[in-house]
Amino acid sequence: MASKLIAPSVLAADFANLQRDVEMINHSDADWFHIDIMDGVFVPNISFGMPVLRDIAKHATKTIDVHLMIVDPDRYIKTFADLGSNILTVHYEACTHLHRTLQAIKAEGMKAGVAINPHTNVSLLEDTIKDIDLVCIMSVNPGFGGQSFIENTYKKVKQLKEIIDRNNASTLIEIDGGVTNKNAKQLVDAGADVLVAGSYVFKSEDPIQTIKGLKEIIS
Ligand code: DX5
Ligand code: ZN
């Protein structure tokens, strides 16, 4: 089985010590940087935008996984490619022409991801699954870090895994929101490949050890 990945969410970092926190991830057992971009319209919060991502990318030495929580994401696909995104994830609920959006992301040389809100059924991805490199199952309502994990997520992971296998797709399943040492094992057992963790990593006393611990639980 391919190895399972940890993607710390920079949303929970200390923005006044951003370079320190980026270097911490560089030197940890983490696999990816998870970058949350919020526009205050698709979600009721604004995180940070292009200049901050540009500076993160200057220092980051691992895959940059960008999660766009914005309306009409097509407007910014090229911008995010130029900023150094390796994976660009858009929300199913924000795309009228999802298939076209996925092709546009790939045309810019990035992997294409689709995020789904807790209320969105995984079966809606059946017809695009072969075009999707990563599905991000939101295990909280997007917009804020530090929320509690929604238990219904396990069922969604299993259902999505079944769709991926049935279609012979190689799509990765990412889980985003409320991930801790308490649910990590059950999530990978259900079929998850990538776990995003924000508060659990950054609010811990020793983030390097916390990441190492998560990695041990899932490998
Ligand atoms: C929520 C974001 C998440 C968030 C996760 O809208 O998409 O990536 O940073 O944070 P935690 O792990 O604290 O739930
Ligand atoms: Zn996210």
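The values are calculated or read from the model by the stated rules, or taken from the named source; none is laboratory data. Computed from a predicted model, the values in this text were never measured in an experiment. Backbone-built Cβ (ideal geometry, glycine too); neighbour counts: all protein chains shown. SASA here: full protein model, heavy atoms, side chains in, ligands and nucleic acids out. Shrake-Rupley method; radii C 1.70, N 1.55, O 1.52, S 1.80 Å.
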Next item on the list: Leaving ligands, DNA and RNA out of it, report the carbon-plus-sulfur percent of the accessible area of the stretch 1-121 at a 1.4 Å probe.
Entry: 52 percent
Check: Over the stretch 103-186, what is the percentage of antiparallel beta bridges among all DSSP beta bridges, to the nearest 5?
Finding: 0 percent
Item checked: Cα centroid of the stretch 102-152 to Cα centroid of the stretch 19-62, whole Å -> 18 Å
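How would HIS67, HIS97, HIS27 rank on accessible area, largest to smallest, probe 1.4 Å? Provide the component values of the computation, followed by the final result.
Details: HIS67 0, HIS97 105, HIS27 140 Å².
Of HIS67, HIS97, HIS27, the descending order of accessible area is HIS27, HIS97, HIS67.
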Note to self: Give me the net charge for the shell around LYS111: Cβ to Cβ below 9 angstrom, other residues only, Lys and Arg +1, Asp and Glu -1.
What the structure shows: -1
Next item on the list: Could you run the Karplus curve 6.51 cos²θ - 1.76 cosθ + 1.60 with θ = phi - 60° over the stretch 130-139 and give me ³J(HN,Hα) per residue in whole Hz, x for Gly and Pro?
Entry: 5, 8, 9, 7, 8, 10, 9, 8, 6, 9
Notebook entry, point to check: Are there trypsin sites (Lys or Arg not before Pro) in the stretch 110-185 that DSSP marks as loop and that have at most 14 other Cβ atoms within 10 Å, and which are they?
Noted result: LYS182
Margin query: For the chain, what does the relative contact order come out to in percent, with C-alpha contacts under 8 Å and a separation of six or more?
Written below: 22 percent
Next item on the list: Determine, from the Cβ-Cβ distance of SER204 and HIS119 and an R0 of 41 Å, the FRET efficiency 1/(1 + (r/R0)^6), rounded to the nearest 0.05.
Entry: 0.85
Next item on the list: As a check on your grasp of the helix formula, calculate [θ] at 222 nm for the chain: sum -39500 (n - 2.57) over DSSP H runs of n ≥ 4, divide by the residue count, round to the nearest 500.
Entry: -9500 deg cm²/dmol
Check: What's the long-distance tail for the chain, i.e. % of Cα pairs beyond 33 Å?
Finding: 7 percent
Item checked: Charge tally in the Cβ shell below 11 Å around VAL43, where Lys, Arg are +1 and Asp, Glu are -1, VAL43 excluded -> -3
Next item on the list: Pick out, in residue order, every one of the GluC sites (Glu not before Pro) in the stretch 130-209 that is DSSP loop and has at most 14 other C-beta atoms within 10 Å; say none if there are none.
Entry: GLU151, GLU205
Notebook entry, point to check: Which percent, nearest 5, of DSSP beta bridges in the chain are antiparallel?
Noted result: 5 percent
Notebook entry, point to check: Per residue, how much accessible area does the chain show when a 1.4 Å probe rolls over the protein heavy atoms, in square angstrom?
Noted result: 45 Å²
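So what's the net charge close to VAL188: Lys and Arg +1, Asp and Glu -1, counting the other residues with Cβ under 14 Å from its Cβ? Before the final figure, lay out the partial values.
Values: positive: LYS4, LYS158, LYS161, LYS182, LYS185, LYS215; negative: ASP31, GLU174, ASP189, ASP193, GLU216.
Neighbourhood net charge equals +1.
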Notebook entry, point to check: Which of the aspartates and glutamates could a cross-linker span from LYS58 if the Cα-Cα distance has to be under 14 Å and same-chain partners fewer than 8 positions apart are dropped?
Noted result: ASP21, GLU23, ASP82
